[in-house]
Amino acid sequence: MRRLQPDRLAGQITFLILVSIVSFQTVVLVTFHVLDVEGRRHIVDQTDFIASVILALDAAPQNARQDLLSEFARAVPFANIHLQSARPTPVDVDDREFANEIRLIHIDLWPAAEVFAVAAPGDGGPGVMAVSLRKGGYALISISQHRKPPRSVWRWLWQPEPGTPFLLTPWALSALLFFVSTSVLVLWASNGIVEPLITLARHAERFPGDGDGDEPLQERGPSEIRELTRSINRMQQRIREMIAARTRVLAAVSHDLKTIITRLNLRTEFISDEGLRTKMLHDINLMDSMLRKNLQYLRAGSDRSDYSLIDLDSVLQTIADQFAEMGHKVTYFGGGRQMIFGSLTDMQRVFSNLVENAAHHADAAEIRIQETPEGKLQVDVADNGPGIPDDQKDAVFEPFVRGEPGRTMASHSGFGLGLSIVRSLVERHGGSVVLLDAHPHGLIVRVVLPRPPIGEA
């Protein structure tokens, strides 16, 4: 239903279709009502025709009446007309339709015409009426077949036949046809035009951080959408090639620099001044750490060849034990086998970075894992440190942005790549990461990861 909102393409197409159909129906009805000559002109009814026959008999000489009746028998097969000289006996009739026929015929005759019933309808047979002719004699008429006049389109719509079921009334049939036609058009617009656009937008948003965007999107929909999909696929391919080239170049440079760092580290051992040697070793280790972090960040978008089922509970427990052995106060609250589908190395890097940040900026850290109402796994890494202001929570996920810019690299504040690596790896696994405030102070890094697919669990 969200697609049918007025600001959505499907909603606008649907509104246009509805307005067009309603306008068309209105024009058709008005046209038939105004221009339908058949519906507006006088309809010659059976009673009108019988009245015309009686007028012809009354005007004809008595010796020519039988010949006229023979001709009328072929022209008016639904009426039986006989002549007699004696006056028939009038009868009272309760049949409203038969009485109405007598009344209509009387209206069409001369003013002083005498029209009366001589036999009431009964047992399925027609009634008989008599008309006194002005030149003598009486005409006895019975109508054996009652035919209703044709109806115009306007009358057909507004005056359905009596006893017609509601679902078979003209309005119900028109509404059903309208609903079916509109549904077909809306489904076509939604599936043929809107759905490819939505898929294309989601595909473009996932790229390049999400591995699902590595495969070219299937080209479907109208020609304009296919051309747009083709252009985005080409653009994504060029971006992938640029990223791959950048990664290869930086990895090669980092590898060469690590070789130089190794030589510097060896040569530093020959420096006799203890203080100078210590400072130089510190700078060399800092450079080595910087290169390692850069390589981790560049490799965060690698392939998925190492994906498998992972016991996340075991990973978190191992990381907590490692930091506890190094003297940090890290506590893990979990238990049970909490399985996900992903890279073991990536998950170790994600939560090692988070626990390392917590250990550097706080006295204690806690790791908690639980299941969300949506069936996903939620991991909270909480600390009692100074936290991060709300206006900086989004910025610290950007590369080379540190939470405390005033600190120097010598104080082990990091290079601003830890959270960037975490977000890239988590989103690559189909999850999300947010920063929340801990009470009374501190920071909570919340990572939400999906459960493994049913076929993988």
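Between beta-carbons, use under 14 Å as the cut-off and find the net charge around residue 369, counting Lys and Arg +1, Asp and Glu -1.
Local net charge: 0.
Arranged from highest to lowest average of other beta-carbon atoms within 10 Å per residue, in what order do the peptides 282-291, 233-242 appear?
282-291, 233-242
Mean projection of the alpha-carbon convex hull of region 223-295 over all orientations, in nm²?
Approximately 5.5 nm², given one-decimal rounding.
Can you give the local net charge around residue 440? Use residues other than it whose beta-carbon is closer than 15 angstrom to its beta-carbon, Lys and Arg +1, Asp and Glu -1.
Summing Lys/Arg as +1 and Asp/Glu as -1 gives -4.
Relative contact order for region 46-143 using alpha-carbon pairs under 8 Å, separation at least 6, rounded to a whole percent?
RCO, region 46-143: 32 percent.
Using the Cα centre of region 305-449 as the reference point, and only Cβ charges (+1 on K/R, -1 on D/E), how large is the resulting charge dipole? Debye, rounded to the nearest 20.
I would put it at about 140 debye.
No value in this document is a laboratory result; all are computed from the given coordinates. Not measured: the values here are computed from a predicted model. Note: ideal-geometry Cβ built from the backbone for every residue, glycine included; neighbour counts use all protein chains shown.
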